[in-house]
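Q: Quick one: the structure is below, and I'll ask about it shortly.
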Amino acid sequence: MNKLLLYFSLPMIFAISCKEKKSPPISTEIIKTQSKTDTAFITKNTDSISNSASFIMERLPFWVTQSDKIEDLIINKNYKIENRLNPLYLEADFNGDGNLDIALPIFEIGTNKKGFAIIHGKTHEVFIVGAGKMFKNALGDDQDYINIWVVNHEKINEAGAEEETGTGENGSLILENPSIEIAASEVGGGQIYWNGKKYAYFHQTC
């Protein structure tokens, strides 16, 4: 009888002890934290520095800085070289005489009209393209809209729909020398090239 009583009482004791030893539920509390970052913007007006004569002269090829033609552009007070395009200048044999020439962005001081100065490496002769001065087949005397320029080495240059100044078939322009490709972003442009006597423009957009 005692054994039977012990047999039935053990499960009850075990159940009671389990209930007593059962750990209380763990309360989980999510604490949300917010972090705030303060950003300090330091600005510096570098326009006057990047367009200063000394800043520009330090970045030009040696043969150009030794030429009195650069000084003439500044001292004459008619034009000023500026750092408005990337790269600062273009260098190639634009007139095909076997010597490197250079093209520089300039503006006419009196009118603020934009353009380019092209200096021939052998003779140091300066040609003003735009900047208040019209040139052959140009769309105007102000190239303020131009924000892209590169040296173009293509021999056959396709024309726009209304271009009639080309020298090849279907109005294309055939070039023996590198040209200066100018354009406005998402609009287009054309080529500034040496025609044997002077610089001219070849339009390539509709």
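Every read-out reported here was derived from the displayed coordinates using simple, explicitly stated rules and does not represent laboratory data. For clarity, every value in this text was computed on a predicted model and none was experimentally measured. Quick reminder, even Gly has a Cβ in these numbers, built from the backbone with ideal geometry, and neighbours come from all protein chains shown.
Q: State all residues of the range 125-136 that are crowded, with 16+ Cβ neighbours inside 10 Å and more than 18 Å from Lys77 (Cα to Cα); if no residue qualifies, say none.
A: Phe135
Q: Cβ contacts < 9 Å: first residue farther than 17 Å from Ile118 by Cα, restricted to the range 180-192; second residue outside any strand (DSSP E or B) and among the basic types (Lys, Arg), any location; separation 6+ or different chain. Result?
A: If the second residue must be outside any strand (DSSP E or B) and among the basic types (Lys, Arg), no pairs are left.
Q: Of the residues that make up the range 129-137, is at least one more than 15 Å from Glu91 (Cα to Cα) and touching a helix residue (DSSP H, G or I) at 6+ places or on another chain (Cβ under 6 Å)?
A: Taking the range 129-137 as the starting set, the residues that turn out to be more than 15 Å from Glu91 (Cα to Cα) are 129-137.
Right, trim to touching a helix residue (DSSP H, G or I) at 6+ places or on another chain (Cβ under 6 Å) and you get none.
Scanning the range 129-137 turns up no residue that is more than 15 Å from Glu91 (Cα to Cα) and touching a helix residue (DSSP H, G or I) at 6+ places or on another chain (Cβ under 6 Å).
Q: Follow-up question, since we're still on this one. Tell me, yes or no, whether the range 166-186 has at least one residue that is at negative phi, surrounded by fewer than 15 Cβ atoms within 10 Å (Cβ to Cβ) and within 19 Å of the chain's Cα centre (by Cα).
A: Looking for residues that are at negative phi, surrounded by fewer than 15 Cβ atoms within 10 Å (Cβ to Cβ) and within 19 Å of the chain's Cα centre (by Cα), one finds at least one in the range 166-186, hence yes.
Q: Going through the range 187-203 one residue at a time, which ones are under 24 Å from the mean Cα position of the chain (by Cα) and closer than 25 Å to Leu100 by Cβ?
A: Within the range 187-203, Gly189, Gly190, Gln191, Ile192, Tyr193, Tyr201, Phe202 qualify.
Q: Within the range 135-154, count every residue that is touching a Ser or Thr at 6+ places or on another chain (Cβ under 7 Å) and farther than 24 Å from Ile174 by Cβ.
A: 1
Q: Tally the residues that are in contact with a helix residue (DSSP H, G or I) (Cβ under 9 Å, 6 or more places away or on another chain) and either farther than 17 Å from Gly96 by Cα or assigned to a loop (DSSP other than H, G, I, E, B) (or both), restricting the search to the range 118-127.
A: 3
Q: Restricting to the range 141-179, and then to whatever is acidic (Asp, Glu) and without any contact (Cβ under 8 Å) to a residue 40 or more places away in the chain, can you tell me which residue is nearest to Leu88 (Cα to Cα)?
A: First pass over the range 141-179, keeping only residues acidic (Asp, Glu): 141-142, 144, 154, 158, 162-164, 169, 176.
Next, only the ones that are without any contact (Cβ under 8 Å) to a residue 40 or more places away in the chain stay: 141-142, 144, 154, 164, 169.
Values: Asp141: 21, Asp142: 19, Asp144: 16, Glu154: 22, Glu164: 31, Glu169: 35 Å.
Filtering first and then ranking leaves Asp144.
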